[in-house]
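Heads up, the thing below is written out as structure tokens.
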Amino acid sequence: MNRLSLSNRLFITVSFVLIAFLSISAFSLNTAFQASADSTQQKRLKNYVYSLLTAAQFTESGEVKMPDTLAKPEFSLPNSGLYALVSDEKGTVWRSKSLLGLVIDPLLISQNTETEHYSTIELSSDTQVLNLAYRVIWENSIGQQYIFIFNVAEDLATLKQQKMGFERNLWYWLGGTGIALLLVQLIILRWSLRPLNSVANDLRAIESGLQQRLSNDYPTELKQLTKNINALLDHEEFRRKRYQNSLADLAHSLKTPLAVLRSDIQSTADLQTLQQNSSKQLKQISDLVHYQLQHASTEGKTSLQAPHNIKDIINKLTASLQKVYLAKQIKSHIDIKDDIIIHADEGDLYELLGNLLDNAFKYCRNQVKVTVEHHEDVTKIKIEDDGPGIPSELHKDVLKRGRRLDTQMEGQGIGLAIVGDIVDAYQGEIQLSHSQTLGGAEIVISLNQ
Amino acid sequence: MRVLLIEDEQLIREQTCQKLQQKNLTVDAAADGEEGLYLGMEYPYDVAVIDLGLPKLSGIEVIQRLRAAEKDFPILILTARGSWQDKVEGLEAGADDYLAKPFHYEELIARINALLRRASGWAAPILKCGPISLNPTSQDVSINKQGITLTAYEYRLLHFLMLHTGQVVSKTELIDHIYEQDHDRDSNVIEVFIKRLRQKLDPDKSLNPIETMRGRGYRLTLERSSESTIS
């Protein structure tokens, strides 16, 4: 199954969050509005009660008289939606004109002992009203108390309409905003993920050979990635060139010994001389193949190389060489801090150090010393022995032998030439000198990290 | 001395066999890892030469299994790639020395002789016991610097005895180490060879270099000369 694309993942999650957010805000806004509408109506009812109380005239005998016309004309219009009713302990004492033809059971609404009581009453099958029963105690001049209940009721239909209107508006607006936000989000996603698409396009172009490397104008987050891909591509190109060069060099340099062999075979009559000559040429051919193979397979410096603990590699190599040169009873002094690491190809490190250590073990009397120091991004590998050393006039030639194999030097392998080649591939430095401590050869390799 | 050679390349195998036999070494050759491992487990070898790239079972694995079975004869590995990682891997697995292909037969024989000497505690390339001296490279044997001529099997016998000076060596052991695996064996032949060796090494019967231990075998009684042993 294909994994969901990044833009789909983002779109789905962000849409989900957006919809959830909008729904929750709609719900809470609506709830808040309903509550505030309810409380407004209650306040209005209370104001009506106060205005009725102001208009009412209480007599000494405990009766209440209401004027014919009230400030709010709705009280006087039948079925207006605003109703009032005053009752005392005995029953209804006054009904507003708007209540004509409607029945409100005063008992239903006057039972309460609270001063204010709100209730919803069904006047008829399709009319609901909110009723406020307000209790007042009238005390006449001689201290007799009379209890009256003022009921004011208002039709709920208006409020319901208001609420519905608000809800509808709310949904329209939030829905519209939601859709608009989703669209904007889609555009933002497209825009911000476009660099990824262009990486993919670039890579396709490289695959089909239209382009050499990735372009450079990528956002910071992708820079490291594209930089590394480019480094990898450059390294591939470097390797390809190296292979090509090795192959060309090999083919070219094999021609000389092959030509010599051919002429020897044709012209040398003496079998023993022929054997001697040809074995010399064969050795040269074999060295050439070995050197060029090594040259071609050297990885060289790249930015993506895993770190290797140099002490581990040197320990492994010296343990192996101790075995091979067991008869020499060689003392090896290894002075390396445990945590020195080198970013290089493991195979290259093995070839580099293997050849150096092999030479040291081969030519030493019985002591070899390896020191590795790391100082300000430069790793210095020093290998010393107590052998005869390399004469200083040969220092240059030893390292270049691989490139000029026709200059034969007896007794020296091509090990150092390979070492020089690997050090070149890492843009490092190599120095040959005399060891101060052991008296033999000293080789220092400096590698930039 | 008996050598186990495991090499898949037919031409190299046959030529190496021939070259080693010319140097009076007893050689059993195997063409793949499995066969080589079987031989190594079954027969008492003095040294093994193992190519790393083998069919069926890799050279590294053959070495590891031989070492796991406590076969402690020295092992020389041959590597075609010659990379240091290969060499280290082989030596870590239990090999004692390596040789990169292509190699000179002289080099191979010198390495084999060095391993044989090392395994039996000899340091110098020429084995010297009292007046007798044996050069495994040239196969020259001399007494008091007077060269003598030995037949192939006499030489093999003396070489083995000299690498095991002071030890009692049974007839079966001698047969095992001087004859190839498929050779027709006859233990009486050993007695004949010993007799001839005594005649050639000690014509006036003053030296008595080879002692007969009744029912147990033979022993070379001469001391190794001091400079030629590993301390």
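Considering only the stretch B:153-174, how many residues are buried (at least 16 other Cβ atoms within 10 Å of the Cβ) and not in a loop (DSSP other than H, G, I, E, B)?
The number of residues fulfilling the criteria is 15.
Take the conditions away from every other protein chain (no Cβ under 14 Å), within 18 Å of the chain's Cα centre (by Cα) and under 27 Å from A:Leu352 (Cα atoms) and apply them to B:Val27. Does it pass?
The answer is no for B:Val27.
Of all residues in the stretch A:51-67, count the ones that are over 16 Å from A:Asn140 (Cα atoms) and touching a Pro at 6+ places or on another chain (Cβ under 9 Å).
1
Quick check, is A:Ser28 modelled with pLDDT under 90, under 30 Å from A:Met164 (Cβ atoms) and either out of contact with any strand residue (DSSP E or B) (no Cβ under 7 Å at 6 or more places or on another chain) or in a helix (DSSP H, G or I) (or both)?
So A:Ser28 fails the test.
Would you pick out the residues in the stretch A:16-29 that are under 20 Å from the mean Cα position of the chain (by Cα) and either polar (S, T, N, Q) or surrounded by 12 or more Cβ atoms within 10 Å (Cβ to Cβ) (or both)?
Correct list: empty.
Would you check if B:Leu150 is of a type outside the set (Asp, Glu), in a loop (DSSP other than H, G, I, E, B), at negative phi and surrounded by fewer than 19 Cβ atoms within 10 Å (Cβ to Cβ)?
Against the criterion (of a type outside the set (Asp, Glu), in a loop (DSSP other than H, G, I, E, B), at negative phi and surrounded by fewer than 19 Cβ atoms within 10 Å (Cβ to Cβ)), B:Leu150 does not qualify.
Kindly provide the set of residues from the stretch A:282-297 that are hydroxyl-bearing (Ser, Thr, Tyr) and without any contact (Cβ under 8 Å) to a residue 40 or more places away in the chain, ordered by number.
A:Ser286
Within the stretch B:56-78, take every residue that is crowded, with 23+ Cβ neighbours inside 10 Å and of a type in the set (Val, Ile, Thr) and give me the one that is nearest to B:Ala30 (Cα to Cα).
This residue is B:Val62.
A:Ile285 fails exactly one of the following numbered conditions: (1) more than 53 Å from the chain's Cα centre (by Cα); (2) farther than 24 Å from A:Leu356 by Cα; (3) assigned to a helix (DSSP H, G or I). What is the number of that condition?
(2)
With B:Gly33, B:Gly53 as the choices, which residue is surrounded by 21 or more Cβ atoms within 10 Å (Cβ to Cβ) and over 18 Å from the mean Cα position of the chain (by Cα)?
When all the criteria are applied, what remains is B:Gly33.
Specify which of the listed residues (A:Gln161, A:Gln144) is loosely packed, with under 13 Cβ neighbours inside 10 Å, over 21 Å from A:Leu45 (Cβ atoms) and not charged (D, E, K, R).
None of the others qualify; the one that does is A:Gln144.
Give all pairs with beta carbons closer than 9 Å in which a residue from the stretch A:132-143 that is without any contact (Cβ under 8 Å) to a residue 12 or more places away in the chain and in the same structural domain as A:Ser51 (by TED's automatic domain parsing) meets a residue that is surrounded by fewer than 17 Cβ atoms within 10 Å (Cβ to Cβ) and hydrophobic (A, V, I, L, M, F, W, C); count only pairs at least 6 apart in sequence or on separate chains.
Matching pairs, first to second residue: A:Ile137/A:Ile147.
For the stretch B:69-85, which positions are at the interface with chain A (Cβ under 9 Å from one of its Cβ atoms) and not aromatic (Phe, Trp, Tyr)?
B:Arg81, B:Gly82, B:Ser83, B:Gln85
May I ask you to verify whether B:Lys200 is under 29 Å from A:Ala327 (Cα atoms) and away from chain A (no Cβ under 14 Å)?
no
Filter the stretch A:280-299 down to the residues that are facing chain B (nearest Cβ under 10 Å) and among the charged types (D, E, K, R) and list them by number.
A:Lys283
Given the conditions (1) exposed (fewer than 15 other Cβ atoms within 10 Å of the Cβ); (2) in a loop (DSSP other than H, G, I, E, B), report the number of the one that B:Lys195 does not fulfil.
Looking at each condition in turn, B:Lys195 falls short on (2).
Any residue that is surrounded by 14 or more Cβ atoms within 10 Å (Cβ to Cβ), within 28 Å of the chain's Cα centre (by Cα) and among the charged types (D, E, K, R) - is there at least one of those in the stretch A:180-191?
No, the conditions are met nowhere in the stretch A:180-191.
Go over the candidates B:Leu116, B:Leu91, B:Leu108 one by one and state the one that is touching a helix residue (DSSP H, G or I) at 6+ places or on another chain (Cβ under 9 Å), more than 8 Å from chain A (Cβ to nearest Cβ) and either among the aromatic types (Phe, Trp, Tyr) or buried (at least 21 other Cβ atoms within 10 Å of the Cβ) (or both).
B:Leu116
Do we find that A:Gln322 is within 14 Å of chain B (Cβ to nearest Cβ) and on the phi > 0 side of the Ramachandran plot in this structure?
Judged against the criteria, A:Gln322 is not a match.
Filter the stretch A:62-85 down to the residues that are free of Cβ contacts under 8 Å to residues at least 24 places away in the same chain and among the small types (Gly, Ala, Ser) and list them by number.
A:Ala71, A:Ser76, A:Ser80
List pairs: first residue in the stretch B:24-36 and modelled with pLDDT under 90, second residue charged (D, E, K, R) anywhere in the structure, Cβ distance under 7 angstrom, at least six positions apart or on different chains.
Pairs that qualify, where the first residue is modelled with pLDDT under 90 and the partner is charged (D, E, K, R), are B:Asn24/B:Arg156; B:Thr26/B:Arg2; B:Thr26/B:Arg156; B:Thr26/B:Glu180.
How many of the residues making up the stretch A:201-241 are within 21 Å of A:Gly300 (Cα to Cα) and touching a Ser or Thr at 6+ places or on another chain (Cβ under 6 Å)?
Matching residues across the stretch A:201-241 total 2.
Filter the stretch A:311-339 down to residues that are buried (at least 16 other Cβ atoms within 10 Å of the Cβ) and within 47 Å of the chain's Cα centre (by Cα) and give me whichever is nearest to B:Tyr98 (Cα to Cα).
In this case the residue turns out to be A:Ser320.
Please find, among A:Thr302, A:Thr298, the residue that is surrounded by 20 or more Cβ atoms within 10 Å (Cβ to Cβ) and touching a helix residue (DSSP H, G or I) at 6+ places or on another chain (Cβ under 7 Å).
Exactly one residue qualifies, and that residue is A:Thr298.
Which of (1) away from every other protein chain (no Cβ under 13 Å); (2) not in a loop (DSSP other than H, G, I, E, B) does A:Thr302 not meet, given it meets every other one?
Single failed check for A:Thr302: (2).
Give B:Val192, B:Val168 a once-over and let me know the one that is touching a Gly at 6+ places or on another chain (Cβ under 9 Å) and modelled with pLDDT of 80 or more.
Just one listed residue meets the conditions, B:Val168.
Residues of the stretch A:326-364 being more than 9 Å from chain B (Cβ to nearest Cβ) and of a type in the set (Ser, Thr, Tyr), which ones?
Within the stretch A:326-364, A:Ser332, A:Tyr363 meet the criteria.
Suppose we filter the stretch B:146-185 for residues that are charged (D, E, K, R) and under 20 Å from B:Ile126 (Cα atoms); how many remain?
The number of residues fulfilling the criteria is 2.
Scan the stretch A:311-321 for residues that are touching a residue at least 24 places away in the same chain (Cβ under 8 Å) and more than 18 Å from A:Gly415 (Cβ to Cβ) and jot them down.
Result: A:Lys311, single match.
The values are calculated or read from the model by the stated rules, or taken from the named source; none is laboratory data. Computed from a predicted model, the values in this text were never measured in an experiment. Virtual Cβ from ideal backbone geometry, glycine too; neighbours counted across all protein chains shown.
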